[in-house]
Every structure is written in C-alpha cells, then in structure tokens.
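Notes for the one structure printed next.
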Amino acid sequence: MQIRTLKTFCDVVELHSFSEAAKINHLTQSAVSQQISHIENEFGVRMIERAQRNLALTPAGEVFYRTCKDILQLLEASRVEINELANVIAGTIKLESIYTIGLHDLPMYVQKFMSKFTEVKVLLTYRHSAEIYQDILGNMAHLGVVAEPQKNRQLDIHPCWKQKMVVVAAPSHKLGSRDVININELNDEAFIAFERNIPTRKLLDKILRKNNVQPKITMTLDNVETIKRIVENGTGLSIVPENSIREEMKRGLLKALQLEGISIEREIAIIAKKGRILSNAENKFIELLRDEFGPR
C-alpha cells in the first residue's frame, strides 16, 4: 500500500468529501474512490460509511485513520530532521489564522515568504479561534495564528507581535467627529461586541471592568467584518484591531477613536502542537512575522 493512498484516505476523512480530497491530491474523484475501495478490500471491512450527504468512519475506519496519521506524522518528522541536516528550506506549511489577521495582515507576507523560499508552499486557511486550537491539537494544521493565546500544556506558543485596538464609530455617530475620547464615555453607549468565547472579548471585558465601564451591549458577533458593517450604520460603537479598518477609514465609512491615557493591545502568537519538531520552513516563517510586525 502506497503512502499516497494513506494520505488520500486521511484527506477524505478530514475534508468529509471524496471530491475535495481529489482536488488537493490532483486526482479524479473516481481514482480516490478506487483507492478507498482498495483499502477496504485489503482489510476485508468497510472503513467509511458513504451516506448521501455525509461520510462517517466505521470502528475499523477509526483505527485505520489513527494508524495512517501516526505513519504520516512519523514520515513528516523524519523529513524535517533530514532537511535540518541538509539545511534545506522546503515543504508545505499548513497554516490557519483567525479572520482578522488572515484577511488583513498575512496574505502579503505569505506571498513574500514563498517568493523568498520558492521550495515552500504555504496553505493558508481562515478559521475561528476555537477551530484553530482544535485543528492544531488534532494534527490537521501545522501552525495557527491566534490572538490572546490560551495557555495549554499540549501547545507551544510563539509570541510574534502586539496589535493595537481602537474604538470605532461611524462618522455620523455622536462621537464620530472626535479623535480622542475618555473611556468613561463608553458607559451605557450601544456597543457591538465579540462573542463571549472569543479571547479578544475576554481581554476587552477585563479592561472595561478595570475602568468600571459598562457599555450597553446590543449585539455579539463572531467576526470583525460583520461588526464593522453594523458599526457603519451608526447603531453602536465597538473596539476592533486598528489595522482592520484602514480601508473603511480611507473611504470615510468608519472613524478610529483613541482612548485618552489608555492603550489597548492584544498579543498575536503562533501556536503549534507541543513536542512537534518545527521544520526549517516553519521556523523561518515565524521569524519573518516577528521581523515584519515586531518592534522597530
């Protein structure tokens, strides 16, 4: 049985799709189906239940999937060590990022990195924070870019930079003509917040509590893009990363307000599964982000 077949099997399981697994492996859907059938015929059991709209592993499939992942991870680890010996910077980085960073910061630097290291391919996916932690721990991604990294004994955390947060308002809002406001002016103001389980929300709640400020939270959302659209309507304020509103500020749709005497920053870090040896390419990528975004 070829290693490529094991990888294809894992891709089908992780993507919940024969067609998607075919795309990323540059195969036809028929070829993927044949590979899975070959595995099942060799072991004499069904590995995957093919329901009309869903794929599910059988108990035998669960065992085989875990074994495949172990084999592929061992091979990847050996490839990393061999490349280290040869000082080669090559391979694929499966990178996941929260939307704010992935949409507004990373694409330019991913392209810059791949232009410099032409033997490296970076696969960038945007995910919610909780999904990134799950995928890193489940070996479905190599590196994750998150805000306010959560301590976990199963993770290695690589701090990269601090990101400035600002109060944001529509120009039509009563505070929209101001450049600086006192944090107490947020009291009882309609406020669009991140959902409670998002680390950035926890950071902001802590700062507001410390200053005895209680905005009137009228809506909670899970991503900054939707928050911006709501704030644009003039129905409330929010606190978001400054870099995420650059385009809206240029177009006059949003206004950034500084807090008098208070600087809010959230930590951006890369997470990886503890004990996993980072490849030369992954280490170089972390270095690039630190160099680009770190203190000047």
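No value in this document is a laboratory result; all are computed from the given coordinates. None of these values were measured; they are calculated from a predicted model. Here Cβ is always computed from backbone atoms with ideal geometry, including for glycine, and neighbour counts include all displayed protein chains.
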Reachable lysines from LYS250, criterion Cα separation under 16 angstrom, eight or more residues apart if same chain: LYS228
Computed E for MET1/ILE277 - FRET, C-beta separation, R0 35 angstrom, nearest 0.05: 0.85
Most mobile of GLU131, GLU195, GLU42 in a GNM of the chain (Cα contacts under 10 Å): GLU42
Calculated over the stretch 41-120: convex hull of Cα atoms, volume per residue (Å³): 168 Å³
Order by protection proxy (mean Cβ within 10 Å, highest first), peptides 133-146, 61-74: 133-146, 61-74
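Kindly provide the helix-only [θ] at 222 nm of the chain, computed as the sum of -39,500 (n - 2.57) over DSSP H runs of four or more divided by all residues, to the nearest 500 deg cm²/dmol?
After summing the helix terms and dividing by the residues of the chain, the value is -13500 deg cm²/dmol.
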Inter-part distance where the stretch 1-24 and the stretch 157-204 are each reduced to a Cα centre, Å: 43 Å
Computed over the chain: relative contact order in percent, which uses C-alpha pairs under 8 Å that are six or more apart: 22 percent
